[in-house]
Amino acid sequence: MKYIVLLGDGMADCQLDDHGGKTPLQISRTPCMDYLAGYGTLGMAFTIPEGFDPGSDVANMCVLGYDPKLHYTGRAPIEAVSMGVSLQPGDIAFRCNLVSLAGRDTDAVMDDYSAGHITTAEAHRFIAALKSELDSKTCALYPGISYRHLMVWKNADEHIKTNAPHDITGRAIEPYLPEGPGSARIREAMFRSRQLLANHPLNRERLAQGKKPVSSIWLWGQGTAVKLPSFREKYGLSGSVISAVDLIKGLGISAGLHSIDVPGATGYLDTNYAGKVAAALGALGQQDFVYLHVEAPDEAGHKGSFSEKIQAIEDFDAKIVQPVVEALRTAGEPFRILLLPDHPTPLCLKTHSSDPVPFILYDSTHAPAWPLRQSYCEPDARAAGLIIKDGWTLMDRFITGT
């Protein structure tokens with residue numbers, strides 16, 4: 001038996017009043033996901049345990065089969081694993097976004113949490129300049145992908161209150177700056193970055209090209225080193241993880257899965273879908289389990305872009321789900337598919353919510369003779385009546401087939 005998780009980050013949404021009360025999943029053309037829903041088991045799962053913020057870190061840990069109440073230490077330390085940054089006792093890792101701010105000083109507003117989805121090449125030029133000024137005996141910057149980077153502090157307080165920049169788009173930043181004991185030096189690094197970036201020559205180039213400037217770093221998602229029992233120990237399976245983002249790669253590596261880097265995987269609408277599919281199928285030829293993650297629907301949700309979210313969902317169906325299903329059928333070996341988002345990213349909120357997500361469990365050996373009259377969308381998944389309250393148990397159901 002082969003097992004593959006197909007995860008469209010943030011696909012789930014709310015009913016849209018200006019589109020007949022339908023959700024983006026209902027509006028999108030998704031024939032392959034609808035097929036799997038008709039011939040599989042449809043339901044809803046809570047992937048954000050009570051008391052946790054609705055982040056991709058917590059949600060994907062849950063989907064992968066790990067209870068966040070037992071294993072979660074923060075977002076940044078998971079990304080550190082993917083980036084090869086080893087956290088020592090006393091080290092606190094912070095996620096470091098490159099962001100665009102509008103306005104000045106205390107009146108500054110979070111204009112774009114991704115600096116216009118800055119390219120990795122340009123981002124590395126900014127990080128290199130910041131490292132030369134901000135790195136010290138107590139902190140160090142590490143370059144990542146696009147706007148996503150890392151800063152590690154020695155003997156920082158992990159209980160500092162921070163806020164994700166994608167949660168405050170369009171809002172004044174002052175109420176959301178780091179707070180609590182030990183936050184002064186974190187704030188200072190952020191303010192210092194604004195001074196250093198203000199006259200960076202690449203920002204002048206970006207402005208001349210009509211791009212958004214990189215105004216500041218934004219530190220958040222801090223925590224200590226993460227430790228997970230291996231996926232093989234839990235489920236007796238070897239496997240791989242495929243994603244454009246360090247968060248998902250780090251989770252997979254922490255679970256003992258092999259992380260496959262796909263050239264051209266961007267975490268956006270222009271990602272290399274065909275490359276991801278080829279990598280997943282190649283891995284399944286050698287292993288039993290693959291976790292294939294696509295970021296684009298989440299990014300569209302954060303932008304509040306209806307057209308981009310529809311495109312991201314339809315691309316996920318046509319460029320990921322369909323070729324995977326067709327290839328697995330052709331191979332002839334029994335297979336199971338778990339298809340779902342990690343969390344909703346409603347267009348009206350431009351950030352994540354803790355609502356349950358619709359999932360499909362499909363088993364090629366147990367498909368009914370006739371499809372059920374249901375499609376892959378939130379209303380049909382709710383109507384199916386299967387509710388998984390502890391989302392981290394969904395993986396058990398998927399692997400065991402019970």
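The values are calculated or read from the model by the stated rules, or taken from the named source; none is laboratory data. The structure displayed is predicted, hence computed values, not measured ones. As a convention, Cβ positions derive from the backbone with ideal geometry for all residues, glycine included, and neighbour counts pool all protein chains shown.
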Output the number of residues of segment 224-249 satisfying the condition of being part of a loop (DSSP other than H, G, I, E, B), touching a residue at least 24 places away in the same chain (Cβ under 8 Å) and of a type in the set (Gly, Ala, Ser). 5
Are there any pairs with C-beta distances below 6 angstrom linking a residue in segment 75-86 that is closer than 14 Å to Trp220 by Cβ to a residue that is part of a helix (DSSP H, G or I), with the two at least 6 apart or on different chains, and if so which? Arg75/Asp57; Ile78/Asp57; Ile78/Leu247; Ile78/Gly250; Ile78/Leu251; Glu79/Asp246; Glu79/Leu247; Glu79/Gly250
Please list, ordered by first then second residue, the pairs with beta carbon atoms under 9 Å, 6 or more apart or interchain, first in segment 329-340 and within 16 Å of His366 (Cβ to Cβ), second of a type in the set (Gly, Ala, Ser) and part of a helix (DSSP H, G or I). Leu339/Ala37
Take the conditions at pLDDT 95 or above, over 16 Å from Tyr176 (Cβ atoms) and within 25 Å of the chain's Cα centre (by Cα) and apply them to Ala129. Does it pass? no
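One line per residue, one yes/no per condition, for (1) assigned to a helix (DSSP H, G or I); (2) more than 23 Å from the chain's Cα centre (by Cα); (3) assigned by TED's automatic domain parsing to the domain that holds Pro346:
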residue	(1), (2), (3)
Ala156	no, yes, no
Asn163	no, no, no
Pro175	yes, yes, no
Ala189	yes, yes, no
Gln195	yes, yes, no
Lys211	no, yes, no
Name every residue in segment 343-382 that is farther than 14 Å from Leu25 by Cβ and hydrophobic (A, V, I, L, M, F, W, C), in order of residue number. Cys348, Leu349, Leu361, Ala367, Ala369, Trp370, Leu372
Looking at segment 204-237, which of its residues are of a type in the set (Gly, Ala, Ser) and either exposed (fewer than 15 other Cβ atoms within 10 Å of the Cβ) or touching a Leu at 6+ places or on another chain (Cβ under 8 Å) (or both)? Ala208, Gly210, Ser215, Ser216, Ala225, Ser230, Gly236
Selection count, segment 132-154, where residues are outside any loop (DSSP other than H, G, I, E, B) and under 26 Å from the mean Cα position of the chain (by Cα): 13
Yes or no: Ala156 modelled with pLDDT of 95 or more and hydrophobic (A, V, I, L, M, F, W, C)? no
Can you name the number of the only condition in (1) touching a Leu at 6+ places or on another chain (Cβ under 8 Å); (2) among the charged types (D, E, K, R); (3) surrounded by 24 or more Cβ atoms within 10 Å (Cβ to Cβ) that Asp298 fails? (1)
Picked from segment 383-392 (must be out of contact with any Gly (no Cβ under 8 Å at 6 or more places or on another chain) and touching a residue at least 60 places away in the same chain (Cβ under 8 Å)), the residue farthest from Gln15 (Cα to Cα) is Asp390
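Are any residues in segment 359-375 assigned to a strand (DSSP E or B) and of a type in the set (A, V, I, L, M), and if so, which ones? Write out each step before concluding.
Keep residues of segment 359-375 that are assigned to a strand (DSSP E or B), which gives 359-363.
Result: Ile360, Leu361.
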Checked Asp363, Asp355 against criteria (under 17 Å from Leu42 (Cα atoms), surrounded by fewer than 22 Cβ atoms within 10 Å (Cβ to Cβ) and within 18 Å of the chain's Cα centre (by Cα)); the one match is Asp355
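Quick one: how many residues across segment 108-117 are under 15 Å from His302 (Cβ atoms) and in contact with a Lys or Arg (Cβ under 9 Å, 6 or more places away or on another chain)? Lay out the reasoning, then the answer.
Of segment 108-117, the ones under 15 Å from His302 (Cβ atoms) are 110-117.
From what's left, in contact with a Lys or Arg (Cβ under 9 Å, 6 or more places away or on another chain): 110-112, 114-116.
Qualifying residue count for the region: 6.
Quick one: would you say Leu347 is hydrophobic (A, V, I, L, M, F, W, C), surrounded by fewer than 24 Cβ atoms within 10 Å (Cβ to Cβ), at pLDDT 95 or above and in contact with an Asp or Glu (Cβ under 8 Å, 6 or more places away or on another chain)? Break it down into steps so the answer makes sense when it comes.
On the way: hydrophobic (A, V, I, L, M, F, W, C): yes; surrounded by fewer than 24 Cβ atoms within 10 Å (Cβ to Cβ): yes; at pLDDT 95 or above: yes; in contact with an Asp or Glu (Cβ under 8 Å, 6 or more places away or on another chain): yes.
Considered against the rule, which asks whether it is hydrophobic (A, V, I, L, M, F, W, C), surrounded by fewer than 24 Cβ atoms within 10 Å (Cβ to Cβ), at pLDDT 95 or above and in contact with an Asp or Glu (Cβ under 8 Å, 6 or more places away or on another chain), Leu347 comes out as yes.
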Which one of these does Thr402 not meet: (1) within 15 Å of Gly43 (Cβ to Cβ); (2) among the polar types (S, T, N, Q); (3) modelled with pLDDT of 95 or more? (3)
Do the conditions hold for Asp342, that is, is it touching a helix residue (DSSP H, G or I) at 6+ places or on another chain (Cβ under 7 Å), under 30 Å from Ser230 (Cα atoms) and part of a loop (DSSP other than H, G, I, E, B)? yes
Hey, can you tell me all the residues within segment 226-281 that are in contact with a strand residue (DSSP E or B) (Cβ under 7 Å, 6 or more places away or on another chain) and charged (D, E, K, R)? Asp246, Lys249, Lys276
Within segment 103-129, the count of residues that are surrounded by 14 or more Cβ atoms within 10 Å (Cβ to Cβ), under 15 Å from Ile168 (Cβ atoms) and polar (S, T, N, Q) comes to 1
Under 9 Å between Cβ atoms, which residue pairs at least 6 apart in sequence (or on different chains) link something in segment 11-40 that is in the same structural domain as Asp342 (by TED's automatic domain parsing) and at pLDDT 95 or above with a partner that is crowded, with 23+ Cβ neighbours inside 10 Å and of a type in the set (Lys, Arg)? Met11/Lys309; Asp13/Lys309; Pro24/Lys309; Ser28/Lys309
Result of the Cβ filter at 7 Å on segment 370-382, keeping first residues that are more than 20 Å from Leu7 (Cβ to Cβ) and partners that are part of a loop (DSSP other than H, G, I, E, B), at least 6 apart or interchain, is none
